[in-house]
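Worksheet: one structure, shown below.
Just so you know, all these numbers are worked out from the coordinates, no wet-lab data involved. Predicted, not measured: the structure shown is a model, and the values here were computed from it. Cβ: placed from backbone, ideal geometry, glycine included. Neighbour counts: every protein chain shown.
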C-alpha cells in the first residue's frame, strides 16, 4: 500500500522567487500538498543562475514536485485567471512587496474576499511594519543585521565572521511551512483562517542566542573566540594531512580528556601540570592546541575522527565537498538523491526546455515512520499550464487559446 | 571560577552534573526538600522554592495555533529550540528535568556570572513559555509516572543518544502502546541510523561535519564556527515542522501518531544549498571555500569598514550599480567610476574587481554606518550595518513590531527576549520566562495525576522527582 501523504488534498499557490519562499513550497509538496508555482517566462528566478554553477543546478532542491504554471501577472487580463487560482487554493504564499502586488491589481483583503477560507503567508525582508518595511535586503547580507557576525571569528580581529550563505532564508524557509500546517490544523479544528507575516530579518534575529541575555544581564559583548570555548579545552580546529584539511576536537569531561590522551599514545606532555584540570587547560589552551596539532598533522582528518570517536571523544572532520559527496553516513541514510535538472533557455518558454542533466539533490531531512516525505523530479516552468488551467480552473479551450494568443499565460 | 559546561549530546545519563572539571553527582536532596539542584558556590543565591502557584495549565488560548496540544520535552541542545518553537505556537510544553536538574542549566552564560541552576541564561533563552517538572526516567517508578504523562500528552520530543529511550523501556513502540496518538520525535547529531549514529558531537563538531565551517570566516582563518551555536537551530526547526505535520496527519488519519527523527548534520547541510559543496564537487571536483567578507558573487558584494564600524553592501542589477556609482561620485567628487568600462552587468565588472573594491572602500570610509544605511536605502540599495547584540536591542525597526518582549523571572528579573519570526495576531509572543526547576511538580503530579501531598513527598525522598 502506498503510504499516505500528510497534506493530501491541500492546494498551495506559490508566487515568488529566490530561496525561502520556494523552499516553503518544496517542504509542503514533499508532504503531499499540491503546490502550484506561479511564474512568468519573462522574468526567470535568479536561483537558476547560481554563480559558479551550471545554470539550473540547485533548482530541483527548491522546486521538486511542484506544479509549475506561467502567467504574466503584470497584464490586467491576467486578473480573472488569478482570481480562479485564489479560489481553488487553500494556502497562498508570496514574498512580493505589497506595493508590487497592488500594482498587479490585488491585495490581501481582496484575496480574502475571493476566498474567505484561504490561509495567507506573506514573507517580507524585514517585516512590513517599521522603518525598514520597504528596505532592500539580500539573504547573505542580512546575517549582519542579526548580531551573529561580530561574535564570529578570532580575538584581535574585528572582521565580521561571515558565512558564505543566506542562512536566515533557510530559517524562514522552515518556520513558514511549520506555521502554515499549524494554521491548516487550526482551520480544520475551528474553521478559522489565518494571515501570517514572516520576515527573513526576524527569522535570523531569533537565532542570536543567549548572548543577547548575557549582554543585558552582565553587560558583556559576546567574546570572539573563534573555535575555542570559554569553559572547555581542547576545543578547536586542528590541521591535518592534505591541503586546507582540518579536524575538530572538543573535550568537556575528564573522561573525554583521558580518552584523547590515550588515543594520542599518552605523550609525556599530557601529564604536564598546565593541563591537569579543565580550568588549567582553558588557561593554557594555546600551548595545548599546538601540542595536539603536532599529533593531528601526521594524520588525515578522517583518521583523527575515527580514532577519537573510538576513544569516546567528540571529534570530526571539517567536511569539504568531497567528504560530503562521499560520506558513508549520508549515503547510508540516502540523503542525496539522483535527479534531473533543466538548463534555462531564455529564447524558449520554460515548458520547451530540452537541455539538462543528472545531478544530486538533498531529500527533506525529516524521517517520518508512517508518512515519508516524497522525493521526486522538478517540472519545467509552465509545464503544468494545461492541468491547472483546464482541469482545476475549468478554463475552456477557447478561452485558453485566447489567453495564449495574447501571451497572458506565459 | 569556570564551570565545565556539558555541551555535547552524548549525555545518556540524565542529570550527570559536571562542575569544575569533575564529574560528581550532587548529594540527594534532604527528605522533604524541594527538588532543586544543590550545587552551590559561596556567594550564590539560595535555591528558589520551586512551588507552582498555578495549578492549571499555562495557556489554552483558543486563538493560538497549537492551543490544546501538550508536549513532553526531553530535549538537549539540539532539540531545545524545537520545543521552544512549539511553545511559541501555543502548545503546552512540559520540560522534564532529572531530579538533579537539567543539564542545560549548567551551561553558561550565567546571570552575574555566578553559576547556578536558576542563573543559566542559556537555559532561559531556550525555555521561555515552558513548564517544568522533575522526574528520574531511569527508575521503574519514574518510568511508570512518565507513561501516565504520555497517556495525557500529544507529543514527546527527545534528544538522548540513539537507542537510549528504548533501553530504558520508553521507546516509541512502548509509548505507542500506551497512547496510539502519540507523536514522538528525536533529534540527534547524525541520525538514529547509519555508521556515525553513535558518534559524539558538540556544536563545534557538527558545524565542522556539516561543512558549514568550511564556508565561514576569512580565507586566511581556519574554518570557523559561528558564535551563536548555529547547530542548535536547523535540526530543531525541522523537528518542529515534522511534529506539526504529524499532528495534522493524526487529525486526518483516525488519531494515529508516528515517530519522527531528524539528524542535525543533515539539517545543517540543507541551510547552504546555494553553495552546495557536494554538488560543486561532483560537477567540477572543486571544494567550496571561505570568501569571507569579500564575496565575488557580484561586484561589489561584501562587508567593508566605514567611518565607525562595518557595513554590508551588495549590488546585483545594473540599475543598482548605476545608483551606487552616482552616489559615490556625489560623495567623493571623483567620477573615475563612471568610466564606460565599469558599466553593464556584474559579470563585466568582475574583470575590474580590485579597482572597484578600492574605490568603494574609499567611499565608505568617509561615511558612518547610519548615514550609509539611511541614504543607501533611499537610493534603493541593499546597504546594511553590521549589528551587535546591543544594536539589535536598540534597533528602531524591531521596536515597532515589539520584537523584544520583556519577561520577568523570579531570580534574574526582567530581561528582553525575542518575540519570534512572525508578525501575526495568531502567534503570540512568549508570555512567561523559563520555569524554575520542578516549578510545576505539584500542579502536574497532584492536581492532574491525583497524587497526594504525602505521596509527592515520598517520591521526593526516593529521589524520583
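Residues considered: A:178, A:152, A:276. Largest GNM mean-square fluctuation over chain A, using C-alpha springs under 10 Å, is found at A:276. Centre-to-centre, using Cα atoms only, segment A:133-150 and segment A:291-332 are separated by 33 Å.
Taking label positions 7 Å along the Cα-Cβ direction at both residue B:294 and residue A:406, the computed distance is 5.4 nm, reported to one decimal. Relative to the 2.2 N^0.38 Å rule of thumb, the protein assembly as shown has a C-alpha radius of gyration ratio of 0.94. Determine the shape class of segment A:319-379: with a ≥ b ≥ c the square roots of the Cα gyration tensor eigenvalues, call it rounded for a/c under 1.5, and otherwise prolate if a/b is greater than b/c, oblate otherwise. It comes out oblate by the Cα gyration axes. The relative contact order of chain B, computed from alpha carbon pairs under 8 Å that lie at least 6 residues apart in sequence, is 20 percent.
Rounded to the nearest 10 degrees, the angle from helix B:318-332 to the longest Cα principal axis of chain B is 70 degrees. Sorted fewest first by neighbouring Cβ atoms within 10 angstrom, A:113, B:266 come out as A:113, B:266.
Dividing the summed -39500 (n - 2.57) terms of all DSSP H runs of n ≥ 4 by the residue count of chain A sets its mean residue ellipticity at 222 nm at -9000 deg cm²/dmol. Ranked for footprinting exposure by Cβ neighbours inside 10 Å, fewest first, B:196, A:167 give B:196, A:167. The packing ranking of peptides B:84-95, B:205-216, highest mean first, is B:205-216, B:84-95, where packing means the average number of other beta carbon atoms within 10 angstrom of each residue. Each residue of segment B:301-386 gets 77 Å³ once the volume of the Cα convex hull is shared out per residue. Note on chain A: with a GNM built from Cα contacts shorter than 10 Å, the maximum mean-square fluctuation among A:146, A:198, A:240 falls on A:240. Estimated from helices alone, the mean residue ellipticity of chain B at 222 nm is -8500 deg cm²/dmol (sum of -39500 (n - 2.57) over DSSP H runs with n ≥ 4, per residue).
Within the listed set A:330, A:141, A:21, the residue fluctuating most in the Gaussian network model of chain A (springs between alpha-carbon atoms under 10 angstrom) is A:330. Estimated at 0.36 nm per residue, the fully extended path between residue B:193 and residue B:448 surpasses their Cα-Cα distance by 88.1 nm. Apply the a/c threshold of 1.5 to the C-alpha gyration tensor of chain B and tell me whether it is rounded, prolate or oblate. Since a/c reaches 1.5 and a/b is larger than b/c, the shape of chain B is classed as prolate. Fewest neighbouring Cβ atoms within 10 Å first, the residues A:114, B:124, B:165 line up as A:114, B:165, B:124. A convex hull fitted to the Cα coordinates of segment B:372-461 yields 152 cubic angstrom per residue. With the alpha-carbon atoms of chain A aligned to their principal axes, the span from lowest to highest coordinate is 87, 47, 43 Å, starting with the largest. At an R0 of 56 angstrom, the distance between the Cβ atoms of residue B:254 and residue B:343 translates into a FRET efficiency of 0.30. Angle of helix B:140-151 to the longest C-alpha principal axis of chain B, folded into 0 to 90 degrees and rounded to 10: 60°. If one takes the longest principal axis of the Cα atoms in chain A, at what angle in degrees, from 0 to 90 and to the nearest 10, does the Cα axis of helix A:254-263 lie? Compared with the principal axis, the helix lies near 80 degrees. With Cα atoms defining each centre, segment B:410-430 and segment B:253-299 are spaced 30 Å apart in the structure. Taking every alpha-carbon pair under 8 Å whose residues sit at least 6 apart, segment B:301-386 reaches a relative contact order of 45 percent.
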